[in-house]
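Have a look at the structure below, then the notes.
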Amino acid sequence: MTWVAPAGGITAVLGPNGAGKTTAIECAVGLQRPDGGTVRVLGTDPWLSSAEHRARVGVMLQSGGLPNGTKPLRLLAHLASLYAVPADISPLASRLGIDAFSGTTVRRLSGGQKQRLALAAALIGRPEVLFLDEPTAGLDPHGRLDVYDLLREVAADGTTVVVTTHSFEEAQALATHLVVISAGRAVATGSPAEVVGDRTLESVYFDLTRKERA
Amino acid sequence: MSAPATARTRVLSQARFELGTLLANGEQLLVSLILPLGALIGLAYTTAPSLGDGRRIDLAVPGVLALCVISAAFTAQAIATGFDRRYAVLRLLGTTPLGRDGLLWGKALATLAVEVLQWLVIGGVGLALGWQPALSGLPIALVFLVAGTWAFVALALLLAGLLRAEGVLAIANLVWVLLLVLGGVIVPRVAMSGTLASVAGVLPSAALADGLRAAFEAGVFDGLALLILLAWGIVATLVAARTFRWSD
C-alpha cells in the first residue's frame, strides 16, 4: 500500500470494510507496527515516537477512546494540559456543540455527541497533522456540515488532514486529495480531478473496488 | 510548532485526572474505603476470629492497612485499566504526548495518592479505637507500602491486560474476597490452620500484612516478607510486560 497525504491539504481515504483503512491510520499514529514497508509522518517513524512528535499529531480513533467516567469539559481540560500551548477549550467546545451536553458523563453521551467530543480531543493540541478515522459516522446532517466547516478551517490554517470515510459526499465536499484502498492496496491516488476525471466518484470507486472483490 | 507539556506536568496531570475519576466512582470508593473501614470497626468490637497473641486493635489496624493497598493497587486498578482498555482509552492516550510510559506513571502516582488517603482515614479511626503503633516502624511501613503497591499494581496490569473487561471485574473482586478471607491479611498467618497458613505464607497479601504488623507492633523489619513482595513484583512486572495487550 503506497500513498502520500500532501501537506496542508485534506486527504480522504476511501475503501470497503476490511480494505485496510483503519490499519493504515493506526500505523500512521503509532498504534500498530506495520508488517513491512515504511511509514513516515512529518518525516518521523510513528512507531515508538517521542512525545514531541506525538504533540504534533492529532488523532480521532474509530473506537473512540474516551474515558467513560468523566465529563466532557474535564476531559478536554485534562488533554489540553498535556500540551505546551493547547487550543482554547471554550470556543472549540461551543463550535462543536459540546456545551449543550457538558454536564453529561461520557458514558451517557449519544454516539454523535461522543464523535463531537472525540473530534475536539483530536484538535485540542493544535496539531500539524490530524488523523480522523470516520469522523462523521453517526452524525446527523447538521453535525456533518459543522464538521466539514471546521475541518476546512483547520486545513486553511495549514494543518494537514487525513480522514477515512465511506461517504462519497464527504470525500467530494472536503478532499483536495483522494486515496482509494482495496484489499490492502492503494488502487487510486491523486487530486479529485485526477481520480474521478469526467465520471462520478461513485462509479470510479465501484469499478476500482469491485475488481478486487471479484 | 505544537509542543508537549513537560514530562512532569503530563504525569502529574494524568495522576490528578485518575484520582478525580476514582474518587467520583461510588463502587471504587466502597471497595477502597467503606469496606476496609467496616472491617476495622467489626474487628475492634468483636473477639472472633482470633487474630493471634497481642492487643487485638494493634493486630487489626496493620491488616486493614494492607487490605487498603490490595483494594487500591489491585482491585480498583485492574478494573479501571480493564475498562480503559475495552473503550480504547489506553490507545487514545498512547497517541497523545502522555504516551504509554506517562500513563503507567500517572496510574502509579494516583494509586499512591489514594493509599495515603486510605491510610490517613484508617489510621485515624484506628488511633481513636486505641491503636498504639510503634512510631519507629513508620519508615519500615512506608517501604512495605511502596513495595506492596508495586507488586499489586503489576498483578493488576497482568490481569487487566489479558482478559476482557467483564472477566477482569469478576476476577479482581473474587481475588479481593479470597485474599481477605484466606490471604493472611486481616487474620494473620499465625492464627490460621497449618495448611492454609503455609499457602498464605508465599502470597503477596500475607507478606504485605505481616510486614506491616511487624513494623507497627514493634518497629521490626521483616526481611523475608519484603523479599516475597519484591519477588511478586519482579515476576508480575516481567510477565505483564510480555503479555499486556493495549487493545481489546
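Points to keep in mind about this one:
- Cβ neighbours within 10 Å from other chains - mean over A:82-91: 4
- Computed per residue of chain B from DSSP H runs no shorter than four, each worth -39500 (n - 2.57), the mean residue ellipticity at 222 nm is -23000 deg cm²/dmol.
- Inter-chain Cβ neighbour average for residues A:51-58, partner chain, 10 Å: 6
- Every helix of 4 or more DSSP H residues in chain A counts as -39500 (n - 2.57), and over all residues that averages to -11000 deg cm²/dmol at 222 nm.
- Listed by Cβ neighbour count within 10 Å, with the fewest neighbours leading, B:Met1, B:Met192, A:Met1 appear as B:Met1, A:Met1, B:Met192.
- For the protein assembly as shown, lysine pairs with C-alpha atoms less than 25 angstrom apart, excluding pairs fewer than eight positions apart on the same chain, total 5.
- Protection proxy ranking of B:45-55, B:5-15, by the mean of other Cβ atoms within 10 Å over each peptide's residues and highest first, is B:5-15, B:45-55.
- 10 Å beta-carbon shell around B:Ala134, net charge (K/R +1, D/E -1): -2
- The chymotrypsin sites (Phe, Trp or Tyr not before Pro) of segment A:1-100 that DSSP puts in a loop, and whose beta carbon has at most 16 other beta carbons within 10 Å, are A:Trp47.
- The A:Ser90 and A:Arg40 beta-carbon pair, evaluated with R₀ = 30 Å, returns a calculated FRET efficiency of approximately 0.25.
- Panel order for A:Arg107, A:Arg56, by other beta carbons found within 10 Å of each beta carbon, from fewest to most: A:Arg107, A:Arg56.
- For A:Gln32, the residues whose modelled amide H falls within less than 5 Å of its own, excluding neighbours fewer than 5 places apart on the same chain, are A:Cys27.
- Fewest-first ordering of B:Phe83, B:Phe221, B:Phe74 by other beta carbons within 10 Å of each residue's beta carbon gives B:Phe221, B:Phe83, B:Phe74.
- Rounded to 10°, Cα long-axis angle of helix A:141-156 versus longest principal axis of chain A: 80
- FRET E, pair B:Arg55, B:Val199, Förster distance 22 Å, beta-carbon r, rounded to 0.05: 0.20
- Using the average count of surrounding beta-carbon atoms within 10 Å as a protection proxy, the listed peptides A:137-145, A:25-33 rank, highest first, as A:25-33, A:137-145.
- Between segment B:176-204 and segment A:147-183, the Cα center-to-center distance that results, in Å: 60
- Between segment B:213-233 and segment A:44-110, the alpha-carbon centres lie 43 Å apart.
- For B:6-17, mean number of other protein chain Cβ atoms within 10 Å: 3
- Radius 13 Å from Cβ of B:Leu67, net charge of other residues (Lys, Arg +1; Asp, Glu -1): 0
Each reported figure results from applying straightforward, stated rules to the coordinates on display, with no laboratory input. Since the structure is predicted, the reported quantities are computational estimates derived from the model, not experimental observations. A quick note on method: Cβ atoms are made from the backbone with ideal geometry, for glycine too, and the neighbour counts reach across all protein chains shown.
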